[in-house]
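The values are calculated or read from the model by the stated rules, or taken from the named source; none is laboratory data. Quick caveat, the model's predicted, so the values are computed rather than measured. When we count neighbours, we look across all protein chains shown, and the Cβ atoms used for this are built from the backbone with ideal geometry, even at glycine. The area values use the complete protein model at the heavy-atom level, side chains included, leaving out ligands, DNA and RNA. Shrake-Rupley method; radii C 1.70, N 1.55, O 1.52, S 1.80 Å.
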Amino acid sequence: MMSIIISYLLGSISFSYFIAKIWMGIDIRNYGSGNAGATNVLRVLGTKPAIIALLGDALKGIIAVYLGKLTGDESIMLLCGLAVVIGHNWPIFLKFKGGKGIATSLGVILTISPLSSLILIIIGVFIIYITRYVSLGSITSAIILPFIFYMLHKSGYYLVFALVLTFLALFRHRSNIQRLLSGKESKLGEKKTSRVK
């Protein structure tokens, strides 16, 4: 139980928030899309800080899964993976206003199932490359995740785990889905430094 709580607290450490504070002295949640994630850091601050945020968020997922592995209980490992993503999305340190969990989920999946993460990265990058929509690549990969996990692992635990990750990703991307459907979603490379209204 303690490892799950620690994983949530680890997820609550927002690299995007702290990088924006250090880099420009701003609260990243008040700029661009208002999201405390690597994509918004890219739009507001540029490539280098976005890469740092991306790697930091993914590292949280990796550490949380290894923390769960130390217990020797596979179900605890999976719960730690979910807890760190929930912490990223709803961080207690930032009044529960966090990111969308994609980079952290990727770190979790990479540690649990490297082949699954490779397949998802290829699909996500391909979608982003042809459409220039980061959100569409993330959403597509999230939807495909349970099918890949079921095919590779044939485990009820893993399938439920993947379904919960998919739900979390789609729930956090609901505004992106609306903008995609209305043709108002921002494309990769578009700079957005204006304050959130």
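Exceedance of the 23 Å cut-off in Cα-Cα distance is limited, within the set LYS21/LYS100; LYS48/LYS184; LYS69/LYS97; LYS97/LYS154; LYS48/LYS95; LYS21/LYS48, to LYS48/LYS184; LYS69/LYS97; LYS97/LYS154; LYS48/LYS95.
When the solvent-accessible area of region 78-197 is split by element, carbon and sulfur atoms take up 70 percent of it, the probe being 1.4 Å. Here the Gaussian network model covers the chain, with springs between Cα atoms less than 10 Å apart; of PRO114, PRO146, PRO91, PRO114 fluctuates the most.
Per residue, how much accessible surface does region 1-62 expose to a 1.4 Å probe? Answer in Å², no decimals.
Working: 2700 Å² over 62 residues.
On a per-residue basis, region 1-62 sits at 44 Å².
Taking a span of 27 Å or more along the helix axis (Cα atoms) and a mean Kyte-Doolittle hydropathy of at least 0.0 as the rule, the DSSP H helices of the chain that qualify are 47-69, 134-153.
Please work out the average accessible area per residue across region 102-197, using the 1.4 Å probe convention, and give it in Å². Don't skip to the end; give the middle numbers.
Details: 5510 Å² over 96 residues.
That works out to 57 Å² per residue.
Of ILE119, ILE144, ILE22, which is the most mobile in a GNM of the chain whose springs link Cα atoms less than 10 angstrom apart? Comparing ILE119, ILE144, ILE22 in a Gaussian network model of the chain, the most mobile one is ILE22. One decimal place: the segment ASP27-LYS184 gains 54.1 nm when fully extended, by the rule 0.36 nm per residue minus the C-alpha distance.
Adding -39500 (n - 2.57) for every DSSP H run of four residues or longer, then dividing by how many residues the chain holds, sets the calculated 222 nm ellipticity at -23500 deg cm²/dmol.
Cα centroids of region 23-59 and region 91-144: 15 Å apart.
Comparing LEU70, LEU163, LEU115 in a Gaussian network model of the chain, where Cα atoms under 10 Å apart are tied by springs, the biggest mean-square fluctuation is seen for LEU70. For the pair LEU70 and TYR129 in one chain, pulling the backbone fully straight at 0.36 nm per residue adds 17.4 nm over the alpha carbon distance.
Pop out the carbon and sulfur fraction of the accessible area of region 1-70 as a percent, whole number, probe 1.4 Å. Walk me through the numbers on the way to the answer.
On the way: 2370 of 3190 Å².
Carbon plus sulfur share of accessible area: 74 percent.
With 31 Å as the cut-off, how large is the P(r) tail for the chain, expressed as percent of Cα-Cα pairs? I get 14 percent for the Cα pairs in the chain exceeding 31 Å.
Estimate the FRET efficiency between TYR157 and LEU59 by the formula 1/(1 + (r/R0)^6), using the beta-carbon distance for r and 25 Å for R0, to the nearest 0.05. Don't skip to the end; give the middle numbers.
On the way: r = 24 Å, r/R0 = 0.97.
FRET efficiency, TYR157 to LEU59: 0.55.
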